[in-house]
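For reference, the structure discussed in these notes is given below.
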Amino acid sequence: RFFYKSHIIRLSLCHFGGNMIYYVDSAAKENGNGTQSNPFKKIQQAADIAQAGDEVIVAPGLYREYVNPKNGGTKESPIIYKSSTLKAAHITGAEELKNWSKVDGNVYVTRIKNDIFNGNNPYTTLIRGDWFIAYMTAHTGDIFLNGKSMYEVTKLDQVMKPVRSKTSWDPDFSVYTWYTEQNTETNETVIYANFQGKDPAKENVEFTVRQNCFLPEKEGINYITLSGFTVSKAATQWAPPTAYQDGMIGPHWSKGWVIENCEIYESKCSGISLGKYYQKGNDNKWLETKYKDGTQTQRDCVCIAQIDGWSKETIGSHTIRNCDIHDCGQCGIVGHLGCVFSLIENNHIYRINNKQNLAGAEIGGIKMHAAIDVIYRRNHIHNCTRGIWLDWEAQGTRVTQNFFHDNCLPNPHNDNKESGMAIAEDLFIEVSHGPTLVDNNIFLSTRAVKLATQGVAFIHNLIAGSFTAVGRGVNNGTPHIPSPRYTPYHEPHGTNILGFMSILHGDCKFFNNIFVQQKVRPFLKAVMIGSRRNTWDDGNVFAGTFPYSDYPTYSEWTKKFEGYCGMGSPMSDRYYDKLPVWAGGNLYFNGAKPMKKETDAYVDTKSKITISYDVVDGKYILKTNVFDFIPETKCSLLKTDDIAEAFEPEQKYENSDGTPIVFDTDFYGNKRPANLIAGPFAQKDSIEKPLFDF
């Protein structure tokens, strides 16, 4: 391979005889050629020339650069970028911030020449986009003290006299504030910061300079693996489903990426984006023009993508595994359309949106639209303002073997009435026709699952929280005119759109689950009681399937159609009425309640069930006595053909390749014995083991 360097054309590295390995070391000299003895100094030098089958080995060190891969690999020969030591190669969008001058007390000021931003200044770029609630001015840039982002404020006086936040999960750190303004005469960004007695000359103070860390500028850069890196601190923009979705790391509308064994933190908005490409004329259109509602522009996005070639053959099929993702402002992982057919497994996702400095309808540990055939498996998601949010077209989606806890908004230990805009939950499934499969999970947050949707099957879960928004939250909230959100549904295991339909509710299945009612703190209960007339949420904090009590059984529903045929039938509501609900083999404890038509529900009103978790040597262990009170009655072994298919797409609860599922393995992947028990564990003594190895 030939390349140009310092006006000399050299034959430095060739592909003669096989794939190449390039070496990178931040401590190397500037004129390295990528060999092991003379490595590149920057990852970008390798990213400019690496081709299919090549490997880029990166030595430990700090890499203050934006890596823009120029070429992609193939399914058989991906391009692999690998940290030689796990998480020791650190790519960051930040630079050191020095030359502070004391203003008064704990407050310092520094000035930054704007040339460093290359025309894209994150301290003049505001966070904006569809579904972003701009209750305060927020820039995409950030200031970091010893690796932790400080709190931006809108007035200099709030730096001079900071006020402890009532909404942050870390209120003690919220008094470390900063404010920015522009000096147009000198073309400088001016930063004021309150370091609360610390000397910035002696601390590690950084500021975000770059928008991304590892993300191709071009679309269609396929089959890249990013393995073992630490990635942090980028000035990412808000990522709604109706705009180009930004992230510190992302494939940018490509196929077959693997992001593994990485630590990812302190993105202003989203850590990893598997999301949507830029659609000219339909990018934040709701915000820009106002005339078309956001849900209409979202439908347009889906249809435009299909016209532009969105398919299983061209987009998606990514893998994110074994990553530690935390302290991002909007999402740990975000995606719309580009996330299809992906696998998200063995990740630890926590402290997402904990600063509460960003607000809007696109926030969660994971937030995805059109997660067609996406599998979320064995993830540990906690202390986020929402765990996983599956919005629109969760068709063929499977949420399995995950552990959720302490996902709520506001801070669960903060009873201040100003502590948040809404209350959140472990899992939110919104305006989807399914089939969405939720099996072998542990839900411990007060609000377990928000179900403004239909076509969901819950099998072998332990659910110690409530179902919320049942029968609500599927319209656009207009006060006088009907505004149903017509949602696409697709061919099974593909992207082609078969139709659009409003959400009728129901079409849900509940089999072999354990429901446990936990104590609800009085403040939260009072807030929820006050929100029961909310059209978006019923405020329910009580466990069980009882919110579906007035839904028909299958036999009741099908009777509505007996004797009717086409236009000659009498007028009725049968085509727009609630869909049926199924239940069987479920257990209810501590006051958790079944729906009225559940004929075989086991309800224990006498036993006192405890449920929590311990952390021992960094490992999470479930603590509960519920398995001491499980009855001897045997559950039925379920398989795909035992579950009614999702109504609207007429698709079974099956694997993405169309093969049936047999629900004979548990949370750990262990085989269930012949005498099945309800819940996520094959054996009662499983709770003594750590829930995860990572």
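Tallying residues that are farther than 21 Å from E219 by Cβ, out of contact with any Ser or Thr (no Cβ under 8 Å at 6 or more places or on another chain) and of a type in the set (D, E, K, R) within the stretch 43-83 yields 3.
Picking from residues in the stretch 269-301 that are touching a strand residue (DSSP E or B) at 6+ places or on another chain (Cβ under 9 Å) and of a type in the set (S, T, Y), the one that is farthest from N357 (Cα to Cα) is T295. Selection of strands (runs of 3 or more DSSP E) fully inside the stretch 61-165 by the criterion of at least 2 residues being aliphatic (A, V, I, L, M) and under 27 Å from the mean Cα position of the chain (by Cα) returns 79-83, 89-92, 143-145.
Among the numbered conditions (1) touching a Ser or Thr at 6+ places or on another chain (Cβ under 9 Å); (2) within 26 Å of V431 (Cα to Cα); (3) open to solvent by 20 Å² or more (accessible area, probe 1.4 Å), the only one that T640 does not meet is (3).
Of the strands (runs of 3 or more DSSP E) lying entirely inside the stretch 468-521, the ones with 2 or more residues being over 17 Å from G455 (Cβ atoms) and open to solvent by less than 10 Å² (accessible area, probe 1.4 Å) are found at 514-516.
In this entry, C384 is excluded by the filter for residues that are in a loop (DSSP other than H, G, I, E, B), open to solvent by 10 Å² or more (accessible area, probe 1.4 Å) and either of a type outside the set (K, R) or touching a strand residue (DSSP E or B) at 6+ places or on another chain (Cβ under 7 Å) (or both). Residues of the stretch 427-460 that are in contact with a Cys (Cβ under 9 Å, 6 or more places away or on another chain), part of a loop (DSSP other than H, G, I, E, B) and farther than 17 Å from Q651 by Cα: S445, T446, H460. Looking across S432, S419, one residue alone is open to solvent by less than 10 Å² (accessible area, probe 1.4 Å), at pLDDT below 95 and small (G, A, S). It is S419.
Out of everything in the stretch 523-540 that is touching a residue at least 24 places away in the same chain (Cβ under 8 Å) and open to solvent by 70 Å² or more (accessible area, probe 1.4 Å), what residue ends up being nearest to the chain's Cα centre (by Cα)? The extreme case among them is W536.
Take the residues in the stretch 20-54 that are hydroxyl-bearing (S, T, Y) and closer than 12 Å to A89 by Cβ; name whichever of them is surrounded by the fewest Cβ atoms within 10 Å (Cβ to Cβ).
So the first thing to find is which residues in the stretch 20-54 are hydroxyl-bearing (S, T, Y), and the list is 22-23, 26, 35, 37.
Adding the requirement that they be closer than 12 Å to A89 by Cβ leaves 23, 26.
On the way: Y23: 21, S26: 19.
Top of the filtered list is S26.
Yes or no: the stretch 330-337 includes at least one residue that is open to solvent by less than 10 Å² (accessible area, probe 1.4 Å), small (G, A, S), in contact (Cβ under 8 Å) with a residue 12 or more places away in the chain and in a loop (DSSP other than H, G, I, E, B). Let's see the steps before the verdict.
In the first step, residues of the stretch 330-337 are kept if they are open to solvent by less than 10 Å² (accessible area, probe 1.4 Å); the result is 330-337.
Cutting the leftovers down to small (G, A, S) gives us 332, 335.
With the extra rule that they be in contact (Cβ under 8 Å) with a residue 12 or more places away in the chain, the set shrinks to 332, 335.
With the extra rule that they be in a loop (DSSP other than H, G, I, E, B), the set shrinks to none.
Looking for residues that are open to solvent by less than 10 Å² (accessible area, probe 1.4 Å), small (G, A, S), in contact (Cβ under 8 Å) with a residue 12 or more places away in the chain and in a loop (DSSP other than H, G, I, E, B), one finds none in the stretch 330-337, hence no.
What do you reckon, is L579 surrounded by 14 or more Cβ atoms within 10 Å (Cβ to Cβ), more than 26 Å from N675 (Cα to Cα), modelled with pLDDT of 95 or more and in contact with a strand residue (DSSP E or B) (Cβ under 7 Å, 6 or more places away or on another chain)? Answer is yes for this residue.
Could you please give the count of residues in the stretch 598-619 that are within 30 Å of N347 (Cβ to Cβ) and either among the β-branched types (V, I, T) or surrounded by 11 or more Cβ atoms within 10 Å (Cβ to Cβ) (or both)? Explain how you work it out, then say what you get.
Initially, the stretch 598-619 is screened for residues within 30 Å of N347 (Cβ to Cβ), giving 609-619.
Subsequent filtering for residues that are either among the β-branched types (V, I, T) or surrounded by 11 or more Cβ atoms within 10 Å (Cβ to Cβ) (or both) retains 609-613, 615-616, 619.
Of the residues in that region, 8 qualify.
Flag: I57 does not match the condition of being part of a loop (DSSP other than H, G, I, E, B), open to solvent by less than 50 Å² (accessible area, probe 1.4 Å) and modelled with pLDDT of 95 or more.
Within the stretch 663-694, the only residue that satisfies the criterion of being open to solvent by 10 Å² or more (accessible area, probe 1.4 Å), among the aliphatic types (A, V, I, L, M) and either more than 23 Å from G584 (Cα to Cα) or in a strand (DSSP E or B) (or both) is I687. As a summary of the residue check, K218 satisfies the conditions (1) of a type in the set (K, R); (2) within 20 Å of N68 (Cβ to Cβ); (3) touching a Ser or Thr at 6+ places or on another chain (Cβ under 8 Å) except for the one numbered (3). Inspection of the stretch 358-372 identifies at least one residue that is more than 26 Å from M136 (Cα to Cα), out of contact with any His (no Cβ under 8 Å at 6 or more places or on another chain) and either acidic (D, E) or assigned to a loop (DSSP other than H, G, I, E, B) (or both). Within the stretch 177-193, the residues that satisfy the criterion of being open to solvent by less than 30 Å² (accessible area, probe 1.4 Å) and either more than 32 Å from the chain's Cα centre (by Cα) or without any contact (Cβ under 8 Å) to a residue 60 or more places away in the chain (or both) are T177, W178, T180, E188, T189, V190.
Matching residues to (1) farther than 18 Å from E393 by Cβ; (2) of a type in the set (K, R):
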site: Y486; (1), (2): no, no
site: H490; (1), (2): no, no
site: K525; (1), (2): yes, yes
site: E562; (1), (2): yes, no
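Tell me, yes or no, whether the stretch 319-327 has at least one residue that is surrounded by fewer than 24 Cβ atoms within 10 Å (Cβ to Cβ), of a type in the set (K, R), touching a strand residue (DSSP E or B) at 6+ places or on another chain (Cβ under 9 Å) and not in a loop (DSSP other than H, G, I, E, B). Yes - at least one qualifying residue is present in the stretch 319-327.
The values are calculated or read from the model by the stated rules, or taken from the named source; none is laboratory data. Keep in mind that what you see is a predicted model, and the values were worked out from it rather than measured. Every residue, glycine among them, receives a Cβ derived from its backbone with ideal geometry; neighbour counts consider all protein chains shown. Calculation scope for accessible area: heavy atoms of the full protein, side chains included, ligands and nucleic acids excluded. Shrake-Rupley method; radii C 1.70, N 1.55, O 1.52, S 1.80 Å.
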